[in-house]
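Colleague: I have a structure I would like to understand better, so I am pasting it below and will then ask my questions one at a time.
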Amino acid sequence: MIALELELIEPLGRLSARPWVDAVTGVEIDSRRIEEGDLFVAVGGGVDFIAHALARGAGATLVPDEAHAALATLAGAVRERSGARVVGITGAIGKTTTREILRSLCAPHLRTVATEANYNNELGVPLTLCRIEPDTELCLVELGMRGLGQIASLARFVRPGIGLITNIAPVHLEALGSVENVARAKAELVAALPPGGAAVVPEEPLLEPYLTRTDIDIRRFGHVEEPGRYRLGGRTVQLETNYRARHQLDNTLAALIVCELLGVPVSDGRLEVEFGPLREELVELPGGVLLLNDCYNASPRSMRAALAHLAELAQGRRRVAVLGEMAELGEQARELHRAVGAAAVAAGVSELVAVGELAGEYAAAADGVRTRRVGSAAEAAEVLALLLQPGDVVLVKGSRAAGLEAVAANLRL
């Protein structure tokens, strides 16, 4: 990290430092991640781990007066001192996978720092910026939100020069109330861009009211019509990837446009991307069963995309889906679950295991599909073990609260 002097940190709370330390070279809120010379910020119950942080070599510890504000100030100071270009990435779904696609494209050419795991909130975003080193050239920052104003708040200290919105879809409706408000919240990223900045956005009518700025470059992207062929302005790039889901190809197009804006060379070839655990993992199982493990999270749009991917993978093979309920959908929850049940029919699913109370709406709308309703992931694992046949293709997907990783893990035993 770019070093920060103690005099900058002292006004943020109760600061304790080693006698020989006048600046810190890293910021952490987890004492297990501390390296020598770091600042340990005791967030929440972190005060109980100050001794552990010091034992691991922390140069200083801070008990902040207000945790989010303190971390934002520290991150903002690092951002101010860095010459790195910063790309902010948000969207209803696909933020993390698009970030990883962009990282894979950029890292061979630029010294790159990117958001780790799901560090996309008031705690994680500052920690990402605090990983910027003096020689960092590019920082890819994923920006999440649960309500209006949150992306704007993060963007104030992130100060992105390029903003990428992957898509607009029904998410966090309990807090936002409507998809129109999802668009409004995501568009806060566009509003935060400086004059001369650039926005990469989907062809989405709900975003258009927020795309009136004339002092930034606005690049729109649509759907990839032919897998492997990406139209960038007046040319076509042919790119083979180790992933096949159609929605990820659209995300790849968006990432390629960001590369053009950054001046990162893009040419024909092959792209390998590791999406991380529980995100579109393909696992070959005994008996020729193919598992599509995509249970990191779920929303109506990502459910439909996963079911389409299942159909594409299966071709003529039998299709089985274990679908957990989707969270935070508010008053529209039952209707949106029924729409996913209809999508399972369209995807040619033969066997559907619906996990959770709201998941019963999948079964209610899945006419012609053999369905089983269960209350937990453990029950789903037992049912799935009994109904699987050699050669099946199985999708496992649901919101984090459903805990469906246990289903996928049971198949691997």
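The values are calculated or read from the model by the stated rules, or taken from the named source; none is laboratory data. Computed from a predicted model, the values in this text were never measured in an experiment. Cβ coordinates were reconstructed from backbone atoms using ideal geometry, including for glycine residues, and neighbour counts include every protein chain displayed. What goes into the accessible areas is simple: the full protein's heavy atoms, side chains included, and nothing from ligands, DNA or RNA. Shrake-Rupley method; radii C 1.70, N 1.55, O 1.52, S 1.80 Å.
Colleague: Given the conditions (1) open to solvent by 10 Å² or more (accessible area, probe 1.4 Å); (2) more than 21 Å from Ser82 (Cα to Cα); (3) of a type outside the set (A, V, I, L, M, F, W, C); (4) within 30 Å of the chain's Cα centre (by Cα), report the number of the one that Thr25 does not fulfil.
Modeller: Answer for Thr25: the failing condition is (2).
Colleague: So how many residues does region 132-171 have that are part of a loop (DSSP other than H, G, I, E, B), open to solvent by less than 10 Å² (accessible area, probe 1.4 Å) and within 17 Å of Gly83 (Cα to Cα)?
Modeller: Adding up the residues that qualify gives 2.
Colleague: Assess whether Glu5 counts as being in contact with a strand residue (DSSP E or B) (Cβ under 8 Å, 6 or more places away or on another chain), of a type in the set (D, E, K, R) and open to solvent by 60 Å² or more (accessible area, probe 1.4 Å). Don't jump to the end; show me each part of the working.
Modeller: Working: in contact with a strand residue (DSSP E or B) (Cβ under 8 Å, 6 or more places away or on another chain): yes; of a type in the set (D, E, K, R): yes; open to solvent by 60 Å² or more (accessible area, probe 1.4 Å): yes.
Yes.
Colleague: Quick check, is Thr97 under 17 Å from the mean Cα position of the chain (by Cα), of a type in the set (Ser, Thr, Tyr) and closer than 29 Å to Arg246 by Cβ? Before you say what the answer is, go through the steps one by one.
Modeller: Working: under 17 Å from the mean Cα position of the chain (by Cα): yes; of a type in the set (Ser, Thr, Tyr): yes; closer than 29 Å to Arg246 by Cβ: yes.
Here the answer is yes, as Thr97 does meet what is asked.
Colleague: Check whether at least one residue in region 329-343 is in a loop (DSSP other than H, G, I, E, B) and surrounded by 19 or more Cβ atoms within 10 Å (Cβ to Cβ), and report yes or no.
Modeller: From region 329-343, those in a loop (DSSP other than H, G, I, E, B) are 329; that's our starting set.
Next, from what is left, pick out any that are surrounded by 19 or more Cβ atoms within 10 Å (Cβ to Cβ): 329.
Yes, there is a match, as at least one residue in region 329-343 is in a loop (DSSP other than H, G, I, E, B) and surrounded by 19 or more Cβ atoms within 10 Å (Cβ to Cβ).
Colleague: Among residues belonging to region 112-124 that are outside any loop (DSSP other than H, G, I, E, B) and over 17 Å from Asn297 (Cβ atoms), point out the one that is farthest from the chain's Cα centre (by Cα). Lay out the reasoning, then the answer.
Modeller: Going residue by residue through region 112-124, those that are outside any loop (DSSP other than H, G, I, E, B) are 112-114, 124.
Subset that is over 17 Å from Asn297 (Cβ atoms): 112-114.
On the way: Thr112: 18, Val113: 16, Ala114: 12 Å.
Checked region 112-124; the qualifying residue farthest from the chain's Cα centre (by Cα) is Thr112.
Colleague: Here is a list of conditions, (1) open to solvent by 10 Å² or more (accessible area, probe 1.4 Å); (2) within 21 Å of Thr97 (Cα to Cα); (3) outside any helix (DSSP H, G or I), and Leu127 meets all of them except one; can you say which number that is?
Modeller: Leu127 satisfies all of (1) open to solvent by 10 Å² or more (accessible area, probe 1.4 Å); (2) within 21 Å of Thr97 (Cα to Cα); (3) outside any helix (DSSP H, G or I) except (3).
Colleague: Contact list please: Cβ distance under 9 Å, first residue in region 225-247 and among the small types (Gly, Ala, Ser), second residue in a strand (DSSP E or B), pairs at least six apart or on different chains.
Modeller: If the second residue must be in a strand (DSSP E or B), the pairs left are Gly228/Gln238; Gly228/Leu239; Gly228/Glu240; Gly228/Thr241.
Colleague: Can you tell me how many residues within region 189-222 are assigned to a helix (DSSP H, G or I), touching a residue at least 40 places away in the same chain (Cβ under 8 Å) and open to solvent by 10 Å² or more (accessible area, probe 1.4 Å)?
Modeller: Within region 189-222, the first condition is being assigned to a helix (DSSP H, G or I), and the residues that meet it are 189-192, 205-210.
Filter again for touching a residue at least 40 places away in the same chain (Cβ under 8 Å), leaving 189, 192, 207.
Adding the requirement that they be open to solvent by 10 Å² or more (accessible area, probe 1.4 Å) leaves 192.
Result for region 189-222: 1.
Colleague: Tell me which of these Ser104 doesn't satisfy, since it passes every other one: (1) open to solvent by 20 Å² or more (accessible area, probe 1.4 Å); (2) among the small types (Gly, Ala, Ser); (3) closer than 30 Å to Pro300 by Cβ; (4) in a loop (DSSP other than H, G, I, E, B).
Modeller: (4)
Colleague: Being charged (D, E, K, R) and either assigned to a helix (DSSP H, G or I) or at pLDDT 95 or above (or both) is the requirement here; does Glu174 meet it?
Modeller: On the way: charged (D, E, K, R): yes; either assigned to a helix (DSSP H, G or I) or at pLDDT 95 or above (or both): yes.
Yes.
Colleague: Still on this model: List pairs: first residue in region 37-61 and at negative phi, second residue assigned to a helix (DSSP H, G or I) and of a type in the set (Asp, Glu) anywhere in the structure, Cβ distance under 9 angstrom, at least six positions apart or on different chains.
Modeller: Ala42/Asp48
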